Amino acid sequence: MDMVMKRRLKLLIGFWLAALAVFSKAELQIEITQGADNAVMVAVVPFDWRGRGALPEDIAGIVTQDLGFSGRFKTLPVSSMLSLPNEAAEVFVRDWRLLDVEYLVLGRIEESGPDLAVSYDLYNVYKGEVEQSETIVGADLVLRDMAHYISDAVFEALTGISGAFSSEILYITVTGQAPERIYRLNVADADGQRVRTVLQSREPILSATWAPDGERVAYVSFERDSRPAIYVHNLVTRTRQQVTNFSGLNGAPAFSPDGQKLAMVLSKDGNPEIYVLDLQANPRRLRRLTRHYGIDTEPSWSTDGQSIIFTSNRGGQPQIYSVRLRDLEIERLTFEGDYNARASLTRDGNGLVMVHRRNDIFHIGHLDLVRGRLTVLTETSLDESPSIAPNDSTLIYATMVDGQGILAGVSMDGSVKFKLPARDGDVREPSWSPMKKKKFIATDLSATGEIPNDSLLP
């Protein structure tokens, strides 16, 4: 079988799988509702395909959507472009200055043995020069991954912040009415595409969260005797293991930064308390962290793994506390407002994102732990389950719009807002993955002028 036939076969398989995914699952559709006032104008010119047949993905279209999704960039539609250059030598700077375009993304796609070589240039219109050039090589079935890779690279080059377009989101959808209600645990690209269902059940699925390796997730399922139990599910091997089945509440699992422990809420000894389960020990060891007549719930780890923050009503109303693992010393972290819950720390440990009630409306708030300043980030109501992007730039959360549960997002400074509604059902409890950048063979095109023949790295 020659290379052309192999590629056609891979394309056929890819189209079939994509059609199956679209048929069986509703993807999320990004709607930008508010962009940054100082958004940079970028034009992503359609990439020049220098091979045979059609490609399964439009790389330029995906990069355009990614950059627009960030809210930090305005993207020029192809219909407004005065020309379609694919290399720096073809750029007429005056045309792009007339359109107020500050940067161009130019690209070429060529066959490289059985794979494809994708080259891009980041062109500064006002300087009239290429600022960044790179070629990556991979199979045609991972063109979408290659597009997200380019988006990450362009985003970092223009903002100084690592891009998170190659990451994924975990969320729960609920369709139908009782007793026919169906719960699904889904994984999708950060842009809401390529939805895969991890688990489907007629019983509730709750509190899904990622392990730091990006390969495992933990969640609560009621599938056995309608009792809550915590499971750890490996997305790569498609295997899972039940890790708790205590009497009473088994809930709110959270992986430690090293992925070896799981914080959780158990009520096996009476009140809901915070525990840590050592997944590596044989037999597994369970440690109780809190002892109080109040309700302790919703644990989340500090970046260094030395403490756990949690929600407790031990002071009369839900507030955020921290327990230090070394000596179990407890510290209250929130004081503003009569309700603060479901908190998680930013990666740098300087910020706390949580559900905050103001004027009897639930919003998402950000507490600057250094300055002690609380900022309400959202304007919707019934906001819950905030999850921070792996680059700390954005968060997603669940909310209600016109009686339907959807996902929404907001930048950490509140300047960018977007929605991710599903075509069908309610969407709940999002969890943003850690960084999941695919590794491609890459080269600085401007330095070598050569296209490598290596394929996608494992």
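For the reader, a short list of remarks on this structure follows.
- Of the trypsin sites (Lys or Arg not before Pro) found in segment 169-236, the ones in coil according to DSSP and having at most 15 other Cβ atoms within 10 Å of their Cβ are ARG181, ARG202.
- Tensor-based shape of segment 168-432 (alpha-carbon gyration tensor, a/c under 1.5 rounded, otherwise prolate or oblate): rounded
- Each stretch of four or more DSSP H residues adds -39500 (n - 2.57); spread over every residue of the chain, this sum gives -4000 deg cm²/dmol at 222 nm.
- Residue order for PHE335, PHE73, PHE246, fewest other beta carbons within 10 angstrom first, comes to PHE335, PHE246, PHE73.
- Taking the convex hull of Cα positions in the chain, its mean projected area over all directions (nm²): 24.7
- Restricting the GluC sites (Glu not before Pro) of segment 240-347 to loop positions (DSSP other than H, G, I, E, B) with no more than 14 neighbouring Cβ atoms within 10 Å leaves GLU329, GLU336.
- Principal-axis analysis of the Cα atoms of the chain puts helix 3-24 at an angle of about 40° to the longest axis.
- Distance histogram for segment 376-440 (every C-alpha pair counted, 5 angstrom bins, percent rounded to whole numbers): 4, 18, 27, 23, 15, 8, 4, 1, 0
- For HIS363, HIS148, order by how many other beta-carbon atoms lie within 10 Å, fewest first: HIS363, HIS148
- One Cα centroid belongs to segment 377-439, the other to segment 230-284; the line between them spans 25 Å.
- Crossing angle, helix 59-70 versus the chain [Cα axis fit, 0-90 degrees, rounded to tens]: 40
- Taken about its Cα centre, segment 168-432 carries a charge dipole of roughly 640 debye when the Cβ of each Lys and Arg holds +1 and the Cβ of each Asp and Glu holds -1.
- Rounded FRET efficiency, nearest 0.05, which uses the C-beta distance separating GLU215 from ASP100 and R0 of 51 Å: 0.70
- Shape class of segment 329-399 from the Cα gyration tensor (axes a ≥ b ≥ c, square roots of the eigenvalues): oblate, since a/c reaches 1.5 or more and a/b does not exceed b/c.
- Gyration tensor (alpha-carbon) shape descriptor, segment 239-333, a/c threshold 1.5: oblate
Read-outs throughout are calculated quantities, based only on the coordinates presented, and are distinct from any laboratory measurement. Treat the numbers as computed from the prediction; the structure is a model and nothing was measured. A quick note on method: Cβ atoms are made from the backbone with ideal geometry, for glycine too, and the neighbour counts reach across all protein chains shown.
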